[in-house]
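Engineer: Pasting in a structure now, in structure tokens, and then I'll have a few things to ask.
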Amino acid sequence: MIGAREEADVSSVPGATDTADARRRIPRTDDLLAEPRLAKAVEDLGRGLVRRAITAAQGRARAGEIDPEAVADEAVASLPATASSMREVLNATGVLVHTNLGRAPLSQAAVRAVRAAAGSTDVEFDLGEGGRARRGRGALAALAEALPEAGGVDGVHVVNNNAAALLLCALVLAPGREIVISRGELVEIGDSFRIPDLVTSTGARLREVGTTNRTHLSDYADAIGPDTGFVLKVHPSNFRVSGFTSQVPVARLAELGVPVVADIGSGLLRAHPRLPDEPDAASALADGAAVVTASADKLLGGPQAGLLFGDHELVRRLRRHPAARALRVDKLTLAALEATVRGPVPPVRRFLDTAPETLRARAERLAAMLVRRGVDAVAVSTTAAVGGGGAPGVELPSAAVSLPADYARTLRMSEPAVVGRLERGRCLLDLCAIATDADERLVEAVTRCTS
Ligand SMILES: *Cc1c(COP(=O)(O)O)cnc(C)c1O
């Protein structure tokens, strides 16, 4: 029908007969939808997305950009890879945990677990008994085994993210009461998200103590009274104050006789040798924190989730609060989380443990391959960062393939998208957060930009 109307329009324009003839040869939508490759795509992607690709291809033919005979091929070529508009990205930014790029990439084990749980699954069902079971018990058990300091599954709870974990702590431990926090730990995490605003949105009040650079145990002690709900210890995960500074460690705060909630941020269960200043859950619990909160999609290397570890009675109250239902995680998250904790070392941890010489050797090899294909590429040594709220100031020696700056945009628009970083007029593709098995795809993507 669309074709017929177009015909009528153009044939009335004098001297447009060639164009009109070409337009008449543009295949009609129904015929294109019946073309085998596009019919298959309707099954995979749904009718709407395929129609959209067809309409765009017909439009290009009508504008004279492609031949009418090429419309089907063009429509097939422009079909999206999946029915979601989210695109795969190779993270060449040199930031290990990049919040804008979805933070930690899942391990293959976690991806398989997500697939298996995607249909109906026993997330909350006991197959042996044939009745209801504790939701996500596999993930809770995995975390409890990985962190014996939590004293079993009753000391573990999982919510939507670390922000949700803090919200729940405020709701349960400080309704209408005070949360005592150092002025040096009033942290904005990103995108205007501030921890003080988050916890006070529950109706709890903030009791700020000390100064930006120095807070002492006595500052806390002076502020504590009958109105105190808990002391909140926040890891300043994206900045560092240096010089004349002093903050009070969890072990000392625990002497104050009120619950201490420690937000460790990055989700390290135990101390990591490359990140000496990064707090970990095991130490915070051993130091006497009543509750430890963390993100699962930073250095733990798992899906977005908030982890809560701590005192069994407190965790039970957190779990039973009405808001817990609103903050709970879905089966896909639970599946990925369990597989991350039980499975092989997840990508983020492997990246963190890769020696800089290994990265440099890869960069040399990739640059040489690209030079052979006529690309102005050179291997360079770089400094990468943990990012995503973790280990501020820690510089990870890394290596990159350096390209002319105008590659940056073309690479971002390629499939898969490649996001590098611009530095001193060059586009750097840092390898620290690229899995070794993606090297060939990286080279292919750069080569395609040149053609
Ligand atoms: C990242 C971070 C948060 C926020 O965690 P989400 O999981 O993104 O909600 C809170 N506190 C600290 C210290 C962080 O580093």
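The values are calculated or read from the model by the stated rules, or taken from the named source; none is laboratory data. Here the structure is a predicted model, which means the values were calculated and not measured. Cβ placement follows ideal geometry from the backbone for every residue including glycine, while neighbour counts extend to all protein chains displayed.
Engineer: State which residue is farthest from the ligand (Cβ to nearest atom) when the search covers only region 384-404 and only residues that are exposed (fewer than 15 other Cβ atoms within 10 Å of the Cβ) and either under 29 Å from residue 276 (Cβ atoms) or among the small types (Gly, Ala, Ser) (or both).
Structural biologist: For region 384-404, the residue satisfying everything is 397.
Engineer: Give the residues of region 224-243 that are among the acidic types (Asp, Glu) and buried (at least 24 other Cβ atoms within 10 Å of the Cβ), sorted by residue number.
Structural biologist: none
Engineer: Would you confirm, using the coordinates I've provided, whether residue 279 is in contact with a His (Cβ under 6 Å, 6 or more places away or on another chain) and either assigned by TED's automatic domain parsing to the domain that holds residue 158 or more than 15 Å from the ligand (Cβ to nearest atom) (or both)?
Structural biologist: Yes, satisfied.
Engineer: Filter region 254-266 down to residues that are without any contact (Cβ under 8 Å) to a residue 60 or more places away in the chain and under 21 Å from residue 189 (Cβ atoms), then give me how many there are.
Structural biologist: So the answer is 3.
Engineer: Just the residues that are in a loop (DSSP other than H, G, I, E, B), crowded, with 17+ Cβ neighbours inside 10 Å and on the phi < 0 side of the Ramachandran plot, please, taken from region 202-223.
Structural biologist: Within region 202-223, 202, 204, 215 meet the criteria.
Engineer: Taking the conditions exactly as written (within 16 Å of the ligand (Cβ to nearest atom) and assigned to a loop (DSSP other than H, G, I, E, B)), does residue 241 satisfy them or not?
Structural biologist: For residue 241, the condition - within 16 Å of the ligand (Cβ to nearest atom) and assigned to a loop (DSSP other than H, G, I, E, B) - is met.
Engineer: Would you please name the residue that is surrounded by the fewest Cβ atoms within 10 Å (Cβ to Cβ), looking only at residues in region 341-372 that are part of a loop (DSSP other than H, G, I, E, B) and of a type in the set (A, V, I, L, M)?
Structural biologist: 355
Engineer: Using the structure shown, decide if residue 277 is of a type outside the set (A, V, I, L, M, F, W, C), surrounded by 18 or more Cβ atoms within 10 Å (Cβ to Cβ) and under 25 Å from residue 211 (Cβ atoms).
Structural biologist: no
Engineer: Against the definition (more than 16 Å from the ligand (Cβ to nearest atom), assigned to a loop (DSSP other than H, G, I, E, B) and touching a Pro at 6+ places or on another chain (Cβ under 8 Å)), how does residue 376 come out, yes or no?
Structural biologist: yes
Engineer: Wholly within region 103-201, which strands (runs of 3 or more DSSP E) include no fewer than the required count, namely at least 3 residues that are within 13 Å of the ligand (Cβ to nearest atom)?
Structural biologist: Once the strands (runs of 3 or more DSSP E) in region 103-201 are filtered for at least 3 residues that are within 13 Å of the ligand (Cβ to nearest atom), what remains is 188-190.
Engineer: Right, something else. Name every residue in region 405-422 that is surrounded by 15 or more Cβ atoms within 10 Å (Cβ to Cβ) and either modelled with pLDDT under 95 or assigned to a helix (DSSP H, G or I) (or both), in order of residue number.
Structural biologist: 407, 408, 410, 411, 414, 416
Engineer: Name, by its number, the condition in (1) surrounded by 19 or more Cβ atoms within 10 Å (Cβ to Cβ); (2) closer than 17 Å to residue 333 by Cα that does not hold for residue 150.
Structural biologist: Every condition holds for residue 150 apart from (2).
Engineer: Could you check how many residues of region 268-291 are closer than 15 Å to residue 143 by Cα and aliphatic (A, V, I, L, M)?
Structural biologist: Qualifying residue count, region 268-291: 6.
Engineer: Same structure again: If we keep just the residues of region 88-147 that are among the basic types (Lys, Arg) and farther than 21 Å from residue 344 by Cβ, which is farthest from the chain's Cα centre (by Cα)?
Structural biologist: Taking the candidates together, the pick is 132.
Engineer: Here's a follow-up. Condition first: surrounded by 16 or more Cβ atoms within 10 Å (Cβ to Cβ) and either among the hydroxyl-bearing types (Ser, Thr, Tyr) or within 16 Å of the ligand (Cβ to nearest atom) (or both). Now tell me which residues in region 65-98 satisfy that.
Structural biologist: Correct list: 93, 95, 96, 97, 98.
Engineer: Would you say residue 314 is more than 16 Å from the ligand (Cβ to nearest atom) and among the hydrophobic types (A, V, I, L, M, F, W, C)?
Structural biologist: For residue 314, the condition - more than 16 Å from the ligand (Cβ to nearest atom) and among the hydrophobic types (A, V, I, L, M, F, W, C) - is met.
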